[in-house]
Amino acid sequence: SRQRERNAIRRAEELQETMVSLAADINRQHRRERNERRRREEQREEVDFLDGRNTRSRNQVPSAWVLCSTDGSAVGVESKWRLWHVTERRERNMYEFPHNSKLAGDGT
């Protein structure tokens, strides 16, 4: 009778460990899927933006373009201008220009 109780307890503990492990696996899978969906959405947004399509929906966050120069303080490193596309979720270095570049807007 005691042996049966110990066996039942051991089986219950093993089952609990299995359930905890499965729950962790499911959580990891959900995180991977969510991250993959976000990555695909960001890729679509970037392609649409670079193709000149305005696909902003209520789920997309506002964005801005930021132009700034690197300091060029490292030995042998020349300053360059960098154009960043910034949202609340990320900052992307999209383009790099030589420090003597002349940039002009298109009037829009």
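The values are calculated or read from the model by the stated rules, or taken from the named source; none is laboratory data. These numbers come from a predicted model, not from an experiment. We place every Cβ from the backbone using ideal geometry, glycine too, and count neighbours over all the protein chains shown. Areas reflect the complete protein model, heavy atoms only, side chains present, ligands, DNA and RNA absent. Shrake-Rupley method; radii C 1.70, N 1.55, O 1.52, S 1.80 Å.
Structure notes:
- Any hit, the stretch 30-47, residues being at pLDDT below 70, out of contact with any strand residue (DSSP E or B) (no Cβ under 6 Å at 6 or more places or on another chain) and open to solvent by 60 Å² or more (accessible area, probe 1.4 Å): yes
- Selection count, the stretch 79-108, where residues are free of Cβ contacts under 8 Å to residues at least 24 places away in the same chain, within 30 Å of R38 (Cβ to Cβ) and assigned to a loop (DSSP other than H, G, I, E, B): 1
- Filter pass, N54 being modelled with pLDDT of 85 or more and either within 30 Å of the chain's Cα centre (by Cα) or part of a loop (DSSP other than H, G, I, E, B) (or both): no
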